[in-house]
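Okay, structure first, notes after.
A short reminder: the numbers here are calculations on the coordinates, not readings from a lab. Every value quoted in this text rests on a predicted model; they were computed, and no experiment measured them. Please note: Cβ atoms are built from the backbone with ideal geometry, for glycine as well, and neighbour counts cover all protein chains shown.
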Amino acid sequence: MNLSNGISIIVTVFNKDKYIEKTLSSIVSQMNDQTELIVINDGSTDKSLQKIKFALRKCKFKYYIIDQKNTGPSIAINNGLKKAKYSYIKLVDGDDILSPDAINFMKKEMESNDLDLLYGDWKWVKNVKTFTFPSQKNTTRTIVNPLKNFILRGWGGSSNMMIKTSVFKEIGGCDTNVFVQDYSIPLRVSGNHLKLNSNKKFSIGISDKLVCIGPKFVSKRIMSNDGQTIYDLSIATLNFLDEHKFLDYKTKRIALRKIISRCWTWSRRKNNKNYFSNEFIIYLKNKLGIDYSTDFVRYHVFNTWRNQENIKKFNRPSYEKKKILVYVGLDLLGDALLKMPFLRSLKLIFPDSEITWLAGKGKSVFNNSLKEISKGLIDKVDDKLAFGSSIKDLFYNKNIGNYHIVFDTQKRFLTTLILKKINCDIFISQSSNYFFSKLVPNFKNESNLSQQLINLAEIFYYKKIKFNTYTFNKKSKKVVICPGASVDWKCWRLENYIQTADYLKTNGFQPIFILGPGERNLENTLKKRFKSENIFVSNNPNMTINLSKRARMGIANDTGCGHLLAISGIPLLTIFGPTNYKKFRPIGNPSNQSISSKEIYNSNDINSLKIRDVIKEVDKLLQAKVS
């Protein structure tokens, strides 16, 4: 595309109705026949769009208004860039005011100094409406080694910047994997020649001229959010390091150390971490000369800002296929079902990964009864290599392989010491209160076994995983019931289940009973009260899951069948007796509920729970909004 000599001014607006007219006025007064104005209303919910149209109603020069759903400034700017026709780009935030001659001044300075990118001065002021720009002598200089300056100082800014359109397009515009664009642009321009050997090295300058001001006190301004600013600076830098393979080791090391230092400062001040925390140990080791990979530091950043819900974050797919090893000891049905949410989490985070499941103490159910369920989640199951139990394993090397990440899902001290011998970049283990783990989840004291493992997976994700993406038939009138269990003391009385089923029938629902192959004694009783087509005996986990997916909800004891219902994604009520409901509660649908005789009646007898107690919880689930 041939670009005409001139300036394309891109203004991004999100809820700036208090300032946008003043901003546009400061721009339009400088426009001429060699300029165009591109205003992106990025999903504003206030009167910004109305005021944009009003402010431009008499504009004599070319302008465009793009009204789009909210995407954030990075994507909004890139959308504006696609429309730009002129050789220079001037970015302006929707609440910043340009000095009266900023646009022409910056273009002339770039031309006379042969610059690809120019930064002017800017500042925040209390009242933009009464501010007068000072007359001043202006000097412009070329920045020597700009990349080092930007990495060391966390350089940024958009309204005080002008860039050649061809350069902006060559670097790929803004990094859309960060919300705030201010840091990605200078890094990409200054390091362009380090991405490919054939790339040009660009020239960057700085002027002391005050080219723009912004209102100092603006509620909900992203750049006033310290967490967003530091998080985006860190992520933008990490993305840059990943994408520019010819960057020298020394500069890369400086960048990673700066990020780790910021993480520790934030952890200490905002997350209340002390000098005995894993966060401080990472910081201290880094100060003492231990280097960390960009992958490791990225996950460290995720964990540092994980609980900051006001920070806008974006997922960035990994450029490298991860080899992941998950170690388990005994891998029986109940244990494996508890780990299914963890497996699903791993595949969500690393969709292109290669996951090896190592059962160190014998046969794995993922090689037989749960083989179909684990398709697409596990690439290889190894249950023939006895490993991790004997002290001899500490002294004899077995060819386990090389991995990016090893998850140790058990807590036995000796086994963890043995697993530490496996060659990997990042070792994750709950053993000895995470003493051996290279990274530690935010929630170390989680009681639920499934959630404990999900927390381990979340170390490698930019946000908290929520199981709210499963679909089920919300119009269905079927309710799946699993009345059996492996031992009698886990079973709520069958007659209670029958009366609950009668209640459901009275209210227009169809109870469907699922029994295990060892529960045929229950089948005969149920057939006296319900139609045979509503009673299923199954030893096939897939059959149980498929039946469940057609239902509105499920009810079960603390049993494997209940966990299969949870895997199907339907809302589930689990009935507990003496077992710890907090520890064994199934994870799946966010609406899942548990009811415990120990919690309500302080009784280990599950049958102390009344029918009315269960029906009350059933009603809640049937009336709950679908996520």
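As an exercise, find the ratio Rg/Rh for segment 180-292 from alpha-carbon atoms, using the Kirkwood inverse-distance average for Rh. Across segment 180-292, the Cα-based Rg/Rh ratio is 1.04. This model, with +1 at the C-beta of Lys and Arg and -1 at the C-beta of Asp and Glu, gives segment 30-108 a dipole about its Cα centre of some 380 debye. Would you calculate the separation in nanometres between label points at L385 and K83, each defined as 7 Å from the Cα along the Cα-to-beta-carbon direction? For the pair L385/K83, the computed spacing is 5.7 nm. Projecting the alpha carbon convex hull of segment 572-627 along each direction and taking the average yields 3.7 nm². Projecting the Cα atoms of N32, C174, M106 onto the dipole axis of the chain, where Lys and Arg carry +1 and Asp and Glu carry -1 at the beta carbon, places N32 farthest toward the positive end.
Spin-label model, N602/N145: points 7 Å from Cα along the beta carbon direction are separated by 7.1 nm. Farthest towards the positive end of the charge dipole of the chain, among the residues S476, N455, V92, is the Cα of V92, using unit charges on the Cβ of Lys, Arg, Asp and Glu.
Using R0 = 41 Å, the C-beta based FRET efficiency linking L417 and L348 works out to 0.85. Ordering 580-590, 389-399 by mean Cβ neighbour count within 10 Å, with the highest value first, yields 580-590, 389-399. When peptides 527-533, 440-446 are sorted by average Cβ neighbour count within 10 Å, with the highest value leading, the order is 440-446, 527-533.
The distance between label points at N442 and R316 comes to 1.9 nm (points 7 Å beyond Cα on the Cα→Cβ vector).
Here the chain is treated with +1 on each Lys and Arg Cβ and -1 on each Asp and Glu Cβ, and its dipole about the Cα centre works out to around 560 debye.
Would you mind telling me the antiparallel percentage of the DSSP bridges in the chain, rounded to 5? Taking every DSSP beta bridge with both residues in the chain, the antiparallel ones total about 15 percent. The simple Förster model, with R0 at 25 Å and r as the Cβ-Cβ distance, assigns C59 and K129 a FRET efficiency of 0.75. In plain terms, the bigger the Kirkwood radius, the slower the diffusion; for segment 323-458, with that radius from Cα pairs, at 37 °C and 0.692 mPa s, Stokes-Einstein puts D at 220 µm²/s. Computed over Cα pairs, the Kirkwood radius of the chain leads via Stokes-Einstein (0.692 mPa s, 37 °C) to a diffusion coefficient of 116 µm² per second.
Counting beta carbons within 10 Å around each of T506, T574 and listing the fewest first gives the order T506, T574. Rounded to the nearest 20, the Cβ-based charge dipole of segment 4-224 about its Cα centre (Lys and Arg +1, Asp and Glu -1) stands at 260 debye. What the Kirkwood sum gives for segment 226-304 is a hydrodynamic radius of 12.7 Å, with every pair of different alpha carbons counted.
Here the extension length gained between F395 and N539 equals 47.6 nm, from 0.36 nm per residue of separation less the Cα-Cα distance.
When both bridge partners sit in segment 4-224, DSSP labels roughly 30% of those beta bridges antiparallel.
The distance from the alpha carbon centre of segment 250-299 to that of segment 483-516 is 53 Å, rounded to a whole number.
Taking every DSSP helix (H) stretch of at least 4 residues in the chain, weighting each as -39,500 (n - 2.57) and dividing the sum by the residue count yields a mean residue ellipticity at 222 nm of -10000 deg cm²/dmol. Between the alpha-carbon centres of segment 174-207 and segment 388-409 there is a gap of 43 Å. For the chain, the Cys residues with no second cysteine's beta carbon closer than 4.7 Å are C59, C174, C212, C263, C424, C491. A viscosity of 0.692 mPa s and a temperature of 37 °C, combined with the Kirkwood radius over Cα pairs in Stokes-Einstein, give a translational diffusion coefficient for segment 478-623 of 221 µm²/s. By the beta-carbon count within 10 Å of each Cβ, the least crowded to most crowded order of D379, D95, fewest first, is D379, D95.
Listed by chain and number, the lysines whose C-alpha is less than 21 Å from the C-alpha of K474, apart from same-chain residues fewer than 8 away, are K466, K505, K549, K616, K620, K625. By the count of neighbouring beta-carbon atoms within 10 Å, fewest first, R520, R257, R262 end up ordered R520, R257, R262.
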